[in-house]
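Undergrad: Here's a structure for you.
The values are calculated or read from the model by the stated rules, or taken from the named source; none is laboratory data. From a predicted model like this one, the values you see are computed outputs, not experimental measurements. FYI the Cβ positions are ideal-geometry reconstructions off the backbone, even for glycines, and counts take in every protein chain you see.
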Amino acid sequence: MEYKKNDTVIVTIEDIGSDGEGIGKVDGFTLFVKDAVIGDTVEAKIMKAKKNYAYARLEKVITPSPFRVEPKCAYHRQCGGCQIQALSYEKQLEFKANKVRNHLLRIGGFEQELLDKVMEPIVGMEEPYHYRNKAQYPVGVGKDGRIVTGFYAGRTHSIIANTECYLGVPGNKAILELILDYMKRNGVTAYNEETGEGCVRHVLIRTGFTSGEIMVCLVINGRDRKRCKAGEYLPVQEKLLEELAQITGMTSVSVSINTEKTNVIMGKEIHTLWGEETISDVIHVRDMSREGYPLTGQELCFKISPLSFYQVNPVQTEKLYSLALEYAGLTGEETVWDLYCGIGTISLFLADKAKQVYGVEIVPQAIEDAKENAKRNGITNAQFFVGKAEEVLPQKYEKEGIYADVIVVDPPRKGCDEACLNTMLKMHPERIVYVSCDSATMARDVKILCDGGYELKKVRPVDQFGHTVHVETSVLLAKTNVREV
Ligand code: SAH
């Protein structure tokens, strides 16, 4: 039987696709139904049909799945932020663990039996809502002409009003409403993407979970500045600052000037208007081998500025980094490389237990932050280099003879460059710890490393992003017999 656009079908969802979509079959014809949950029987309307498969829109849930739950957010289908909020959290974790396993099986080519042995249970969240420490809300004009903040609908750039994202901190809502109210009362305009006119583009709110410190940064189109008094970036600025200062925990208020017609949110120019330039946060080291992952007593303090990269889920980040540290198996004698080190968070975790740590990162500002963070925490055995991992590592190894007992990598989604993997093999460290935010590229890279003489020892997924389809993984590889390269 053939299906075409606008046909309505009844389908039972039997699987979850890698983007969280429900997958079901009717007469051997595969349907991908966004927002349908595994176990549901649904009525779906075909939007786009191919020969053997089609994408369909969920019209009605006929028999709900036992794994279906009531999502907290009324906008979970319209907003692109969450993909699987209607799936129970337990089932989300199972889906993520399976995703990692399947990538290692299909892309990595590892055997079932080996995976049964090396895969450790996924580390879930105790509270899968309100975990994000950073929120970026676009500001614009809604359909009715009023200033709104919310999220972009689907793949468009029209804003749907919503000040309450359940992944963020509950206090964000009051801050956003205060800013909207101030804008309306004082005639402060919202930026219009099409004309490039108007003032406020985005509101960034960051919260230090351990410190309770809050940072607000308004991203403004500086072209409007001439209308304000000297020293004011926004009309009636004092009034806004006074009101924001009333909020418990408020520590830093700034503006970021972005006059470009671009999707990039932050402008490079930042001016602190009130309070500190940064907020602080502490990351604790945990013992991941024990029940409940107790604290070890070791901790690190970080200062975060509006432009700093910082992990968005601080609670799970502690667990992910602690796992990387455990896998590194340090005794205090090792030379360790931390590739793709960002602001040096993992490097500084490792430094306490290593002889020497070298970090490599492509963004110069991040390396500045890494050095600053090392100093702040009294760490003297960590050194940082700016550059591409695939260029810095061969250079340091071949020209300067620096070696490694352990190499930790935490690359972006596209994974490691092959030149980087080859140098890692040449350096033959005892252990390699691969921290990954994309299990498909991780499986590809781990296969290359295992073909080069390493053995897959441990794999543990960590859920950093509840209700989304993303999953982080920590992988341990150990040297067996290194081939000559
Ligand atoms: N380990 C850090 C950052 C991980 S994100 C943390 O947990 O905070 C990945 C980092 O890799 C980013 O900071 C990105 O800027 C950096 N990066 C991307 N491509 C790179 C390359 N070719 N060489 C080195 N660093 C790179």
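Residue-by-condition table, conditions (1) in contact (Cβ under 8 Å) with a residue 60 or more places away in the chain; (2) in contact with an Asp or Glu (Cβ under 7 Å, 6 or more places away or on another chain):
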position	(1), (2)
53	no, no
56	no, no
59	no, yes
65	no, yes
73	yes, no
78	yes, no
83	yes, yes
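Undergrad: Determine, yes or no, whether residue 328 is farther than 27 Å from residue 428 by Cβ and crowded, with 21+ Cβ neighbours inside 10 Å.
TA: Judged against the criteria, residue 328 is not a match.
Undergrad: Of all residues being in a helix (DSSP H, G or I) and of a type in the set (Ser, Thr, Tyr) in segment 297-329, which is nearest to residue 251 (Cα to Cα)? Just the residue, please.
TA: 317
Undergrad: Here is a further query. Report whether or not residue 389 is within 12 Å of the ligand (Cβ to nearest atom), surrounded by fewer than 17 Cβ atoms within 10 Å (Cβ to Cβ) and without any contact (Cβ under 8 Å) to a residue 60 or more places away in the chain.
TA: On the way: within 12 Å of the ligand (Cβ to nearest atom): yes; surrounded by fewer than 17 Cβ atoms within 10 Å (Cβ to Cβ): no; without any contact (Cβ under 8 Å) to a residue 60 or more places away in the chain: yes.
No: the conditions fail for residue 389.
Undergrad: Going through segment 78-135 one residue at a time, which ones are in a loop (DSSP other than H, G, I, E, B) and among the charged types (D, E, K, R)?
TA: 111, 120, 126, 127, 132 - these are the residues of segment 78-135 that are in a loop (DSSP other than H, G, I, E, B) and among the charged types (D, E, K, R).
Undergrad: Okay, moving on. When the residues of segment 360-386 are narrowed to those that are of a type outside the set (D, E, K, R) and near the ligand (Cβ under 7 Å from one of its atoms), which ends up surrounded by the most Cβ atoms within 10 Å (Cβ to Cβ)?
TA: 360
Undergrad: Could you list, in sequence order, the residues of segment 406-422 that are farther than 15 Å from residue 337 by Cβ and crowded, with 21+ Cβ neighbours inside 10 Å?
TA: Passing the criteria: only 415.
Undergrad: Against the definition (more than 21 Å from residue 322 (Cα to Cα), aliphatic (A, V, I, L, M) and surrounded by 15 or more Cβ atoms within 10 Å (Cβ to Cβ)), how does residue 348 come out, yes or no?
TA: Answer is no for this residue.
Undergrad: Another question, then. I need every pair where a residue in segment 344-359 that is within 12 Å of the ligand (Cβ to nearest atom) has its Cβ under 7 Å from the Cβ of a residue that is assigned to a helix (DSSP H, G or I) and of a type in the set (Ser, Thr, Tyr), sequence separation at least 6 or different chains.
TA: These pairs meet every condition: 345/321; 346/321; 349/321; 359/347.
Undergrad: Could you please find all residues in segment 415-441 being away from the ligand (no atom under 13 Å from the Cβ) and within 21 Å of the chain's Cα centre (by Cα)?
TA: Passing the criteria: 439, 440.
Undergrad: Oh, and also: Scanning segment 272-308 for residues that are acidic (Asp, Glu) and in contact with a Ser or Thr (Cβ under 8 Å, 6 or more places away or on another chain), which turns out farthest from residue 216 (Cα to Cα)?
TA: Looking only at segment 272-308, we keep the residues that are acidic (Asp, Glu), and these are 276-277, 281, 287, 291, 299.
Next, only the ones that are in contact with a Ser or Thr (Cβ under 8 Å, 6 or more places away or on another chain) stay: 276-277, 281, 287.
Values: 276: 11, 277: 11, 281: 15, 287: 34 Å.
If we take residues in segment 272-308 being acidic (Asp, Glu) and in contact with a Ser or Thr (Cβ under 8 Å, 6 or more places away or on another chain), then 287 is farthest from residue 216 (Cα to Cα).
Undergrad: Does residue 331 fit the bill of being touching a Phe, Trp or Tyr at 6+ places or on another chain (Cβ under 7 Å) and more than 13 Å from the ligand (Cβ to nearest atom)?
TA: Working: touching a Phe, Trp or Tyr at 6+ places or on another chain (Cβ under 7 Å): no; more than 13 Å from the ligand (Cβ to nearest atom): yes.
The answer is no for residue 331.
Undergrad: While we're looking at this one, here's another question. Tell me, which residue of segment 443-485 that is closer than 21 Å to residue 318 by Cβ and aliphatic (A, V, I, L, M) is farthest from the chain's Cα centre (by Cα)?
TA: 476
Undergrad: Out of all the residues in segment 60-82, which are under 22 Å from residue 165 (Cα atoms) and crowded, with 21+ Cβ neighbours inside 10 Å?
TA: 82
Undergrad: Okay, moving on. Taking the residues in segment 193-216 that are assigned to a strand (DSSP E or B) and of a type in the set (D, E, K, R) as candidates, determine which candidate is nearest to the chain's Cα centre (by Cα).
TA: Looking only at segment 193-216, we keep the residues that are assigned to a strand (DSSP E or B), and these are 200-207, 214-216.
Still in the running and of a type in the set (D, E, K, R): 201, 206.
On the way: 201: 22, 206: 14 Å.
Ranking the qualifying residues of segment 193-216, first place goes to 206.
Undergrad: So, in segment 313-328, of the ones that are of a type in the set (S, T, N, Q) and within 12 Å of the ligand (Cβ to nearest atom), which residue ends up nearest to the chain's Cα centre (by Cα)?
TA: Step one: list which residues in segment 313-328 are of a type in the set (S, T, N, Q), which gives 313, 316-317, 322.
Filter once more, keeping what is within 12 Å of the ligand (Cβ to nearest atom): 313, 316-317.
Numbers: 313: 8, 316: 11, 317: 10 Å.
Among those residues, the one meeting the criterion is 313.
Undergrad: Is it the case, given these coordinates, that residue 299 is surrounded by fewer than 17 Cβ atoms within 10 Å (Cβ to Cβ), outside the structural domain of residue 355 (by TED's automatic domain parsing) and acidic (Asp, Glu)? Before you say what the answer is, go through the steps one by one.
TA: Values: surrounded by fewer than 17 Cβ atoms within 10 Å (Cβ to Cβ): yes; outside the structural domain of residue 355 (by TED's automatic domain parsing): yes; acidic (Asp, Glu): yes.
Here the answer is yes, as residue 299 does meet what is asked.
Undergrad: Can you tell me which residues in segment 381-416 are out of contact with any strand residue (DSSP E or B) (no Cβ under 8 Å at 6 or more places or on another chain), closer than 20 Å to residue 324 by Cβ and among the acidic types (Asp, Glu)?
TA: If the condition is that a residue be out of contact with any strand residue (DSSP E or B) (no Cβ under 8 Å at 6 or more places or on another chain), closer than 20 Å to residue 324 by Cβ and among the acidic types (Asp, Glu), then no residue fits.
Undergrad: Separate question: If you go through segment 212-228 one residue at a time, do you hit one that is closer than 25 Å to residue 311 by Cβ, exposed (fewer than 15 other Cβ atoms within 10 Å of the Cβ) and in contact (Cβ under 8 Å) with a residue 12 or more places away in the chain?
TA: Checking segment 212-228: at least one residue is closer than 25 Å to residue 311 by Cβ, exposed (fewer than 15 other Cβ atoms within 10 Å of the Cβ) and in contact (Cβ under 8 Å) with a residue 12 or more places away in the chain.
Undergrad: What are the residues in segment 334-343 that are out of contact with any Phe, Trp or Tyr (no Cβ under 7 Å at 6 or more places or on another chain) and either in a helix (DSSP H, G or I) or away from the ligand (no atom under 16 Å from the Cβ) (or both), if any?
TA: Matches in segment 334-343: 334 only.
Undergrad: Continuing with the same structure: If residue 263 satisfies every condition in (1) free of Cβ contacts under 8 Å to residues at least 60 places away in the same chain; (2) under 23 Å from residue 281 (Cβ atoms) but one, which is the exception?
TA: If we test residue 263 against (1) free of Cβ contacts under 8 Å to residues at least 60 places away in the same chain; (2) under 23 Å from residue 281 (Cβ atoms), just (2) comes out false.
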